[in-house]
Amino acid sequence: MAAPPDPLTIFTKLRSNDAAQRREAEIWLFGEAKGMESPAQGSLSFVNLDDDREDEAILMLDVPLAQLAFAFDRTQAGWRKIGSFCDGSASCPASSGD
């Protein structure tokens, strides 16, 4: 799979009223479409989590029965997902590329 676009684009697509846009963002995050029936609720923050000078992106999503968080780091080749977290136990979708 190609590297994901910037986190703002992913977040914007997840918040879209267009199911095809949401599906595209789901594939970037999870490796497959999860069938989000409505635009995602969540937030996107940029914070410095390490010792370099560039901010990392934290994408937080509220989905039915779970809260998800994804961390992205900017590299010379673009943004890449560096981790994810879910606090909803059995309702957590599998994430690709962590």
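Some observations on this one:
- Selection from Ser84, Leu61, Gln21, by position along the positive dipole direction of the chain (Cβ): Gln21
- Stokes-Einstein D (µm²/s) once Rh is taken as the Kirkwood radius of the stretch 7-86 over alpha-carbon pairs, at 4 °C in 1.567 mPa s: 100 µm²/s
- Dipole size of the stretch 7-86 about its Cα centre, with +1 on Lys/Arg Cβ and -1 on Asp/Glu Cβ: approximately 280 debye, rounded to the nearest 20.
- Principal-axis tilt of helix 19-30 within the chain, Cα atoms, nearest 10 degrees: 50 degrees
Each reported figure results from applying straightforward, stated rules to the coordinates on display, with no laboratory input. Everything numeric here is computed off the predicted structure, so don't read it as measured data. Virtual Cβ from ideal backbone geometry, glycine too; neighbours counted across all protein chains shown.
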